[in-house]
Structure formats: structure tokens, C-alpha cells
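The values are calculated or read from the model by the stated rules, or taken from the named source; none is laboratory data. None of these values were measured; they are calculated from a predicted model. Note: ideal-geometry Cβ built from the backbone for every residue, glycine included; neighbour counts use all protein chains shown.
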Amino acid sequence: MTPSLFGGIEAGGTKFVCAVGSGPDDLRAETRFPTATPEVALPQAIAFFHQQEARYGRLSAIGIASFGPLDPHPASPTFGYITSTPKAGWANTDFVGALRQAFSLPIAFDTDVNGAALGEWRWGAAQGLDTFLYLTFGTGVGGGGMVGGRLMHGLIHPEMGHLRLPRDPQADPFPGICPYHGDCLEGLTSGPALARRCGQPAETLPSDHPAWELQAHYMALALVNLILTISPQRLILGGGVMQATHLFPHIRRKVQQLLNGYVRSPLILEQVERYIVPPALGGRAGVLGAIALAMTAGG
């Protein structure tokens, strides 16, 4: 029997990744292109799915895992919109509406981090868990995940990238780059923040550059607040910045130091390398998460 096929859009701040398939072992087609503007990117995504339907047959559903802020609530009049994003040209964009005009299919819509979390839960590092967090550190910083087996939503959705952190201006005079908050988590630890702080792209920094120790410090502060608030069973850290895998030991050590033995879990005290982990799906977590979202909408 031919498996149902689903479309997925990982809409990141820098690039779109679109794919068709049914899971990690069945990705039939994939394309990548710059996020650009809605007038450019959305028609490219729609054209890709039309091409794949012509080749493979009708899709069962399409899932969109997008940068935000966005409106994920189906009963809301602005469901499917990207709302107050600082991404130029994308504020108040009816993302889902554009796809609905082109396809008579169920459309699932959520944040890129909730999508990636769902993909990791279905196929990756969060299998068997019901309360965990996925954080991405890249062009922006965001967090999502599950609590009690349900993706995290509420008033809108989590905005963990904008957690406020203690910063000593004398020890660290860099004011951060977030246009809303300056030195929030995203303003201090995103890829563009690292580049602005150091005057060169993060991927060109040597592993012994002092910026990495400060990066790990700020990230650990955020993770400790999330551990104490949500009590996740695992923390999954993805995104382009985490391609610098030497960060993981520094972050784990600093989380243990900041908690200072207060959370009496063997996973934190003795097996922290199993608690703070990279995504098992690697760089495909986002687009596979979009396909996992589509599966919740269409089968």
C-alpha cells in the first residue's frame, strides 16, 4: 500500500525548506531557497508542492513550521498569520491563507520550534517523553516543546528566545541586538548577535575564542530558568549556532554549577550528557517537524 504523503514547510528567518514525504526514511523531494519576502517565498513554496503533486499524487496535508510571532489558534480570526515579527516585510502575513488559496488540503500551522519538537518526539531525541523542550539558536532564538504530551500553546505560544537574562554591563558591555529588548536571550546569543559581538561570523570563531564561554553562560542561565519552571525530561538544543558542538560540554557544566545540586535528578547530577542533547534528526528536525505537523492535520 502506498503511504500517505505530506508536505512540510520549515520557514526560517533566513531560508525556507520545503519537502514532501512521510518521515525520515521517506523524503521524496526537498528544496531550499531564501526567505526573501512573502511575495517571493510563498509562490515558490506553492509551486514546489504543485510540482510534487503532479509527480507523486495528491498530498494528504501540509504542515507549516514557521518563525514568529504567529497566531496558532484555529478559532482566531488571524489564525495562520505571522504577526509582530521583526523580519522585514513579514508582519501581518496570512501564511495559511496563501496555502489555502492554492490547495484544498488540511493545513497545520505552528512555530518552527514546536514543529521541530514534534519531529523529535515522533522520530528523534524526544521519543517516549511527554514533557521536554526544543530550543533553536540560529538567526533567531526560540523554544517550544511538549508538556504532558501536548505541544505548548497558551495566550499565544512560548517565546523563550526573549527571556530576560542578568547581564553585567561592566563585564559584558555588548548591549544585545534584539530590536524589542536589547539583551534578551536572542539579543545576546543568536548567530547575528555573536557576529556583531565579535566582528566576524560565528562559524569562523575558533573553539577557544572567549565569546564561546560567555555564550555558554547566557545559554545556561536560560536553561536553568526553564528547568526550574517546566521540569522538562530532556532539553534538545538545535540551530546553526549549535553546529559548534564544543558548546555542549560548557553548557552542561554551567547548568550543573548554576543549579548547585538543587534539582536532585540523576540525569542532571550524573548523566547530564543525556539530558542536554543535540537533535537526533540533525539539520532536518525543522522540515521533518513540519511533516509531523501535517500528519496531525491530515491523518
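The residues listed here are F33, F49; of these, the one that is in contact (Cβ under 8 Å) with a residue 40 or more places away in the chain, in the same structural domain as P106 (by TED's automatic domain parsing) and touching a strand residue (DSSP E or B) at 6+ places or on another chain (Cβ under 8 Å) is F49. Across the range 144-196, which residue is surrounded by the fewest Cβ atoms within 10 Å (Cβ to Cβ) among those that are in a loop (DSSP other than H, G, I, E, B) and of a type in the set (D, E, K, R)? Out of the qualifying residues, it is D168.
Taken together, the criteria exclude P74 from residues that are at pLDDT below 95 and closer than 15 Å to G161 by Cβ.
Listed here are the residues, each with its yes/no results for (1) within 16 Å of the chain's Cα centre (by Cα); (2) closer than 24 Å to W121 by Cβ; (3) at pLDDT 95 or above.
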{"position": "F137", "(1), (2), (3)": "yes, yes, yes"}
{"position": "G140", "(1), (2), (3)": "yes, yes, no"}
{"position": "P179", "(1), (2), (3)": "no, no, no"}
{"position": "G182", "(1), (2), (3)": "no, no, yes"}
{"position": "L188", "(1), (2), (3)": "no, no, yes"}
{"position": "L205", "(1), (2), (3)": "no, no, no"}
{"position": "A222", "(1), (2), (3)": "yes, yes, yes"}
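When the range 48-70 is filtered for residues that are within 16 Å of the chain's Cα centre (by Cα) and either in a loop (DSSP other than H, G, I, E, B) or surrounded by fewer than 19 Cβ atoms within 10 Å (Cβ to Cβ) (or both), the ones remaining, listed by number, are F67, G68, P69. Selection within the range 240-267: residues that are modelled with pLDDT of 95 or more and touching a strand residue (DSSP E or B) at 6+ places or on another chain (Cβ under 9 Å). The member of this set that is farthest from T204 (Cα to Cα) is V255.
Here's the yes/no breakdown for (1) in the same structural domain as Y81 (by TED's automatic domain parsing); (2) touching a helix residue (DSSP H, G or I) at 6+ places or on another chain (Cβ under 9 Å); (3) farther than 30 Å from F79 by Cα:
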| site | (1), (2), (3) |
| --- | --- |
| T139 | no, yes, no |
| M146 | no, yes, no |
| M152 | no, yes, no |
| L155 | no, no, no |
| M160 | no, yes, no |
| L163 | no, yes, no |
| C178 | no, yes, no |
| C198 | no, yes, yes |
| P201 | no, yes, yes |
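Restricting the first member to the range 82-103 and to residues that are in the same structural domain as H50 (by TED's automatic domain parsing), and the second to residues that are β-branched (V, I, T) and part of a helix (DSSP H, G or I), the beta-carbon pairs closer than 6 Å and six or more apart or on different chains are A102/I46.
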